[in-house]
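For reference, the structure is listed below as structure tokens.
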């Protein structure tokens, strides 16, 4: 589960739903659930400097949903730049432990196939040069499979942005992808505010010569994940064979589109071979590489079905998934100069 730490105490708890029966999650106007419709197994406690409880979900709901922070009670609010130390547990498993900056994400990950019925999230102060300080907040997030999870639900300051569920690849569901982890293959459906991959990229390669003219004989591009999790792809730009540079030549694959996974790094290499002054006895070659990656951004239009592009414009944010950069339509490869 990918969570966004927004800062603030139990008063930040928020659950929003589409009204009506079987609504269109991409076009509906979500409405905030009143406290009496919250799952009572979700709890939250804020603590003061003396370790005493200073606010809870019950107190927050009882005082008319007052969302004004109480000084010294719970984590600092979102408008104060700060860092905290977060620990998340299942019944017998640690899901996450580490420092998190306000308005940044953290991931609760399990070793097994499922999460426990309840997830405990402890938020501590972080003291630079010292380490974990006093307990600021304890949240119990009801993560049981008996209750449906909803994107953008917020448990205290922790907002749900992404989670995985298991599925059958054989059902021909385009949202169900076969993945392999630790040598085991299974079907996984990712429910997310983010795109998972980009497939409408094309590769641009530019070659020229600042010295003598070069008659091009072969131009190749190699595209591979840096972790070698997928086969290397090879592109042959045969349409430029026989051309001379300068002037510079810019080439694009016409029939092949590159698909890349979000937040994965790829190496793009190019090999350009030719003959100096067109002389077959004077072969020359240039090799170049560059790095390509696309980072998560929730600022993507919603497309249904399914809604993986982010169906709630009110909850879009910039930077929580790694810089907030949109994937580019065109990937620029190495620019080679003989």
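So for the range 102-237, averaging the separation of alpha carbon pairs under 8 Å that are six or more residues apart and normalising by length, what relative contact order in percent results?
12 percent
Please give the contour-minus-distance gain from residue 224 to residue 52: 0.36 nm per residue of separation, less the Cα-Cα distance, rounded to one decimal in nm.
Between residue 224 and residue 52, full extension yields an extra 56.5 nm.
Project the alpha carbons of the range 18-67 onto their principal axes and report the range along each, largest first, in whole Å.
That works out to 47, 20, 18 Å along the principal axes.
Can you give the Rg and Dmax of the range 83-145 based on its C-alpha atoms, in angstrom?
Rg and Dmax of the range 83-145, Cα atoms, are 12.3, 40 Å.
Please list the equivalent ellipsoid semi-axes of the range 119-248, computed as the square roots of five times the alpha-carbon gyration tensor eigenvalues, in descending order and whole angstrom.
49, 25, 13
Over the range 2-192, what relative contact order in percent results from Cα pairs under 8 Å that are six or more residues apart?
26 percent
Rounded to whole Å, give me the distance from the Cα center of the range 124-178 to that of the range 11-48.
15 Å
How far is it, in nm, from the label point at residue 63 to the one at residue 41 when both lie 7 Å from their Cα along the line to the Cβ?
Those two pseudo-labels are separated by 2.9 nm.
So, in nm, how far is label residue 130 from label residue 97 when the simple model puts each one 7 Å beyond its Cα toward the Cβ?
Placing both labels 7 Å beyond Cα along the Cβ direction yields 2.0 nm.
Values quoted throughout were computed directly from the atomic coordinates according to the rules given, and no laboratory measurement underlies them. These numbers come from a predicted model, not from an experiment. A quick note on method: Cβ atoms are made from the backbone with ideal geometry, for glycine too, and the neighbour counts reach across all protein chains shown.
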